[in-house]
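The values are calculated or read from the model by the stated rules, or taken from the named source; none is laboratory data. What you see is a predicted model, and the numbers here were worked out from it, not measured in a lab. Glycine gets a Cβ as well: all are built from the backbone with ideal geometry, and neighbour counts include every protein chain shown.
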Amino acid sequence: MSEAPTEPLEPRDDRLLKTREQGIRYLLVGAWNTVFGFALFAALQLLFGDHVHYLILLCIAMVFAILNAYIGYRLFVFKVQGRWLRDLGRFSIVYIGSLAANIAILPLLVEVVGLPVLLAQAAVVGGSVVLSFFAHRSFSFRRT
């Protein structure tokens, strides 16, 4: 019995498939970066938390997490070429917005709600995933 011939994808279907694949790659790289950034923050908190405020440790961890994420998203998710510094600048703007939100929300969760620092940070990180995908796709790595 022969198989039915495969029809070519319509342009809309092709874009949807590419977006889905890009979204999956984004989640994989994002999962890695989340583990990386959270582990770095946790290590800094455990090593220096008695002497350095957790928001300072958060900023240090974010610098390394931003660079790690930039390389992963650039090479594996959005697969763009050229304009390394311009893309890094735009990418950093998105992450600065994320950091600002993190700096505002983390103390509320820790000092007002009473959550432990690491649990509060885990909650904040989880909230930023979807928004940052669209920001990176439409701003950081956008090509005309």
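A few remarks follow.
- Across segment 118-130, the qualifying residues are those that are surrounded by fewer than 18 Cβ atoms within 10 Å (Cβ to Cβ) and in contact (Cβ under 8 Å) with a residue 24 or more places away in the chain, and the one among them that is nearest to Leu44 (Cα to Cα) is Leu118.
- Among the residues examined, Gly30 does not qualify as more than 28 Å from Val110 (Cβ to Cβ), at pLDDT below 90 and surrounded by 14 or more Cβ atoms within 10 Å (Cβ to Cβ).
- Selection of segment 17-38 for residues being within 14 Å of the chain's Cα centre (by Cα) and β-branched (Val, Ile, Thr) yields Ile24, Val29, Thr34, Val35.
- Qualifying positions in segment 86-144 - more than 22 Å from Leu27 (Cβ to Cβ), part of a helix (DSSP H, G or I) and of a type outside the set (A, V, I, L, M): Arg86, Gly89, Pro107, Glu111
- Phe41 more than 22 Å from Phe141 (Cα to Cα), more than 12 Å from the chain's Cα centre (by Cα), in a helix (DSSP H, G or I) and touching a residue at least 12 places away in the same chain (Cβ under 8 Å): yes
- Check on Phe76, under 30 Å from Val110 (Cα atoms) and either in a helix (DSSP H, G or I) or in contact (Cβ under 8 Å) with a residue 60 or more places away in the chain (or both): no
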